[in-house]
Amino acid sequence: MNKKTLVLVAFVICSLPLMAQRVGSSPEYIKALTVEWKGERSPDGRPLVSDDLLDRLKDISIEEAWGVLRNKGFENQFQGDWKIINPAKSMTGRVVTAQYMPSRPDLKNQVQEQGKIEDRAQQGGTNSWPIDVLTTGDVYVADGYGKIVGGTLIGDNLGNAIFANSKRGVIFYGSVRDEQGLAEIEGFNGWIKGSDPSYIKNMMLTSINAPIRIGQATVLPGDVVLANKYGVIFIPVYLLEDLILTSEVTGLRDEFGHLRLRENIYLPGQIDSKWTEEIREDFLDWLNNYPGKLPMTKEELDNYLKERNY
């Protein structure tokens, strides 16, 4: 073996750890996935939207959010048909993704070894690894490929750990165990496909903070999620502020239109079509004397309306 060959072999051997598939996506990869976001980021690279926007999002309807996303070409961000642990409560937050697959021994071993390199906990199952990365405001979103029996990603012990780290809950396209115990964790919530008393079996974690599929929706790490009893919608983070403001104004328009219809001031066709200048002026006057607290600042509202012609 000549010197040139020896150097090449040594380079390949030294490069093997670098070539291994990561379990947790690198900050650089997450930044590349979310390149449109220009604001602050978490240490792991995910976009860090403000708590104020997350709070405002709670008052947005799924239909309003879906309409904004669809108009921008995002038609695969909604998933309905959930079992909800606490249906009366809504949830918003910054998405942490996890992908699970049916077990395959060679790949499972590679994931476990890579977890050692990434300094992930070696005691317990790999289903605890996504929980370890959660911070306040995060929502743990996992593709468990709809598995119910043996597909229980967490029980009430891990549920308590999730809430301790995130002050939120989970969205699992899969199942949980100890549903009664999870329901008793004050503030915790979950959107799941089912529950079962069995333990997780014959499935494995393959990635954290990589793109995943949740039913009909494509989800990226750092997306913002809105979940309520009507379904779950995943919002590209760079569209969030505009989506909230657009949805809030739509809500005000609907409130005004419903009021005027009940008062028999306008006909349904007038409200459902492009507004005349008379209706628009009436709407602006109504806004200036709005009886409650507007969801946005007056400056935000004025700037938004300047660009619209209702």
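The values are calculated or read from the model by the stated rules, or taken from the named source; none is laboratory data. Computed from a predicted model, the values in this text were never measured in an experiment. We place every Cβ from the backbone using ideal geometry, glycine too, and count neighbours over all the protein chains shown.
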Exercise. Has region 250-268 got at least one residue that is touching a residue at least 60 places away in the same chain (Cβ under 8 Å), in a helix (DSSP H, G or I) and surrounded by fewer than 18 Cβ atoms within 10 Å (Cβ to Cβ)?
Worked result: yes
Exercise. Counting residues that are outside the structural domain of V224 (by TED's automatic domain parsing) and under 29 Å from A32 (Cα atoms), which strands (runs of 3 or more DSSP E) fully inside region 149-211 reach at least 2?
Worked result: none
Problem set entry | Test result for L305, buried (at least 18 other Cβ atoms within 10 Å of the Cβ) and outside any loop (DSSP other than H, G, I, E, B) | no
Exercise. Looking only at residues in region 58-92 that are more than 14 Å from the chain's Cα centre (by Cα) and of a type in the set (S, T, N, Q), which one is farthest from E248 (Cα to Cα)?
Worked result: N86
Exercise. Has region 130-137 got any residue that is buried (at least 16 other Cβ atoms within 10 Å of the Cβ), within 18 Å of V232 (Cα to Cα) and modelled with pLDDT of 95 or more?
Worked result: yes
Exercise. If we only count helices (runs of 4 or more DSSP H) wholly inside region 23-101, which ones have 1 or more residues that are within 30 Å of E186 (Cα to Cα) and outside the structural domain of D143 (by TED's automatic domain parsing)?
Worked result: 51-57, 62-71
Exercise. Consider L240 against the criteria (1) of a type in the set (A, V, I, L, M, F, W, C); (2) part of a strand (DSSP E or B); (3) under 13 Å from the mean Cα position of the chain (by Cα): it satisfies all of them except one. Which criterion is unmet?
Worked result: (2)
Seminar exercise, completed: Filtering region 148-173 down to residues that are surrounded by fewer than 23 Cβ atoms within 10 Å (Cβ to Cβ) and under 14 Å from Y100 (Cα atoms) yields I148, G150
Problem set entry | Residues within region 1-47 that are in contact with a helix residue (DSSP H, G or I) (Cβ under 7 Å, 6 or more places away or on another chain) and modelled with pLDDT under 50, tallied | 1
Exercise. For region 276-289, how many residues meet the condition of being surrounded by 13 or more Cβ atoms within 10 Å (Cβ to Cβ) and either over 36 Å from the mean Cα position of the chain (by Cα) or under 20 Å from D52 (Cβ atoms) (or both)?
Worked result: 2
Seminar exercise, completed: Among residues of region 182-239 being surrounded by 22 or more Cβ atoms within 10 Å (Cβ to Cβ) and among the aromatic types (F, W, Y), the residue farthest from E64 (Cα to Cα) is F188
For this session: Report, ordered by the first and then the second residue, all pairs with beta carbons closer than 7 Å, sequence separation of six or more or different chains, a first member in region 79-104 that is more than 20 Å from G155 (Cβ to Cβ), and a second member that is part of a strand (DSSP E or B) and of a type in the set (D, E).
Result: G93/D138; R94/D138; Q99/D143
Problem set entry | Criterion violated by R120 - all others in (1) touching a helix residue (DSSP H, G or I) at 6+ places or on another chain (Cβ under 6 Å); (2) outside the structural domain of N228 (by TED's automatic domain parsing); (3) charged (D, E, K, R) satisfied | (2)
For this session: Might you let me know whether region 105-113 holds any residue that is modelled with pLDDT of 95 or more, over 22 Å from P130 (Cα atoms) and not charged (D, E, K, R)?
Result: no
For this session: Return yes or no: is D55 in contact with a strand residue (DSSP E or B) (Cβ under 8 Å, 6 or more places away or on another chain), closer than 26 Å to L182 by Cβ, of a type in the set (D, E, K, R) and surrounded by 13 or more Cβ atoms within 10 Å (Cβ to Cβ)?
Result: no
